[in-house]
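Working notes for the structure below.
The values are calculated or read from the model by the stated rules, or taken from the named source; none is laboratory data. Note that the coordinates shown come from a computational prediction; the quantities given were computed from them, not determined experimentally. Note that we place each Cβ from the backbone using ideal geometry, even for glycine, and neighbour counts take in every protein chain shown. Heavy atoms of the whole protein, side chains included, go into the accessibility calculation; ligands, DNA and RNA do not. Shrake-Rupley method; radii C 1.70, N 1.55, O 1.52, S 1.80 Å.
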Amino acid sequence: MAEAKTVHSPALTYFSMISLLTLCPPFVILLWYTMVHADGSVLQTWDYLKQHGVQGFIDIWPRPTAIAWKLIACYAAFEAALQLFLPGKTVEGPISPCGNRPVYKANGMQAYAVTLITYLSLWWFGIFNPAIVYDHLGEIYSALIFGSLIFCIFLYIKGHVAPSSTDSGSSGNIIIDFYWGMELYPRIGKNFDIKVFTNCRFGMMSWAVLAVTYCIKQYEENGKVADSMLVNTILMLVYVTKFFWWEAGYWNTMDIAHDRAGFYICWGCLVWVPSIYTSPGMYLVNHPVNLGTQLAIYILAAGITCIYINYDCDRQRQEFRRTNGKCLVWGKAPSKIVASYTTTSGETKSSLLLTSGWWGLSRHFHYVPEILAAFFWTVPALFGHFLPYFYVLFLTILLFDRAKRDDDRCRSKYGKYWKKYCEKVRYRIIPGIY
């Protein structure tokens, strides 16, 4: 747990926690309001708030309605059922600091296919119109904000009363425990993994569902879909498809293997992902831009290339770990550092650190194509307003912070071996620059 507190000074950590806890919920509503009701103009929303003050803000905050709760409940129950009942091969996660090894059922790709086919079929056969989701988006976000807050309180209590594994415990501070979480691998029963649900099956899945929703809404409104919306939707769907294709790899990342289940991860995936991550598409619904075939194809090709490189970085490292370094990286034997470390129980173990291929360029090179991909699926909105680019800005800050946290964690884990590794791979994210 200490890792959450060591990256920045305690004062900064507290400040960032308190500000995120208090500012993120209203920001989600302001973003939605600006995109949908204020023409995407930050200045228009600012003028409105200047005139009407706090009361004006309370007036635009939609109350969660019965239909919003119903839509969320149906979607959550559907995804939970798919997670539990769809077949999938058994996959083991990495060994945790306490020596536990979580076991998962890898059925993300199946769940993703079933979700999209079901959603599109409901629309196609006239059973349910996805435009309804867009029309009630504000109420849905409002319900998600409050519902997810209650869910995080449940996680906090569960962590105290009935933790699922020994990878849990309190820092002794209620705010830190609530924000960073109490448990690394909380489960309901033996098989229902909460973080797989919040991060993958609710959060990431909602990204694809909403991308499709925005596209359908524009079609319903205008009788056609602008090429800008198509480029945005295709790139987002390619990215989410890549995610579910590689979902078992995601279970080895910092989000799952190091960050505990608290407000930061769970509220983020339940609320921030469906609102902020999908926001470029939300903007495009009312701002159809015509790019022309040539520009649309260029943007699409650039975006798909970035998503592929991002995937290939992860694949390269995964293959390297799986074969214990006995594989080819860019056609050659990989260069590596053998790093030993001590677990919390005092055992000495060793890891291999890859220093060639994509991972020889910088320690977190895979973040570069990820940020660029986000830029390419936002750029169809062109540059009339800043707000569609908020996600790109947010992602850049998030990933740079994550790279720092990861480096700090590895430095304390590997000691002198990490120093050696950093001498070999000098740059943190951007080769030659940073």
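Please identify the DSSP H helices in the chain that span no less than 27 Å along the helix axis (Cα) and have a mean Kyte-Doolittle hydropathy of 0.0 or more.
10-37, 66-85, 137-161
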Listed by chain and number, the lysines with an alpha carbon less than 24 angstrom from that of residue 50, same-chain partners under 8 positions apart left out, are none
FRET efficiency for residue 338 and residue 41 from the Cβ-Cβ distance with R0 = 56 Å, rounded to 0.05, comes out at 0.50
Here the residues of the range 120-146 lying in the modelled label zone of residue 221, meaning backbone nitrogen under 14 Å from a point 7 Å along Cα-to-Cβ, are 131-138
Once the dipole of the chain is set up from charges on Cβ (+1 Lys and Arg, -1 Asp and Glu), the residue from the list 361, 45, 390 lying farthest towards its positive end is 361
Excluding ligands, DNA and RNA, the carbon-plus-sulfur percentage of the accessible area of the range 279-341 with a 1.4 Å probe reads 58
Once Lys and Arg are counted +1 and Asp and Glu -1 for all other residues with Cβ under 12 Å from that of residue 139, the total becomes +1
Links exceeding 23 Å between C-alpha atoms in this model, out of 336/416; 158/195; 158/349, come to 158/349
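Output the peptides 281-289, 384-392 sorted from most to least packed, where packing is the average of other Cβ atoms within 10 Å over each peptide's residues.
281-289, 384-392
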In this structure, the FRET efficiency calculated for residue 63 and residue 308 from their beta-carbon separation, with R0 = 35 Å, to the nearest 0.05, is 0.20
Here the FRET efficiency for residue 318 versus residue 347, based on Cβ atoms and R0 = 25 Å and rounded to 0.05, is 0.55
A chain fully extended from residue 127 to residue 89 at 0.36 nm per residue, minus the present Cα-Cα distance, gains in nm 10.4 nm
For the chain, the dipole about the Cα centre with charges only on Cβ (Lys and Arg +1, Asp and Glu -1), to the nearest 20 debye, works out at 1760
Log entry: pair-distance distribution for the chain, C-alpha pairs binned every 10 Å from zero, whole % per bin is 4, 20, 31, 28, 14, 4, 0
With +1 at each Lys and Arg Cβ and -1 at each Asp and Glu Cβ, the charge dipole magnitude of the range 54-177 around its Cα centre, to the nearest 20 debye, comes out at 300
For residue 258 and residue 9, extending 7 Å from Cα along the Cα-Cβ vector and measuring point to point gives, in nm, a value of 2.3
Here the longest stretch of the chain that holds no trypsin sites (Lys or Arg not before Pro) in a DSSP loop having at most 11 other beta carbon atoms within 10 Å is 1-189
Averaged per residue, the 1.4 Å probe accessible area of the chain, protein heavy atoms only, in Å², is roughly 45
Residue-normalised 222 nm signal for the chain, counting each DSSP H run of n ≥ 4 as -39,500 (n - 2.57), nearest 500 deg cm²/dmol, is -19500 deg cm²/dmol
Sequence order, the range 352-362: Karplus ³J(HN,Hα) from phi using 6.51 cos²θ - 1.76 cosθ + 1.60, θ = phi - 60°, Hz rounded, Gly and Pro as x, gives 9, 10, 7, 10, 9, x, 4, 7, x, 6, 7
Other residues with Cβ under 13 Å from the Cβ of residue 316 give, with Lys and Arg +1 and Asp and Glu -1, a net charge of +3
The percentage of the accessible area of the range 97-168 (probe 1.4 Å, all protein chains present) made up of carbon and sulfur atoms, to the nearest whole number, is 73
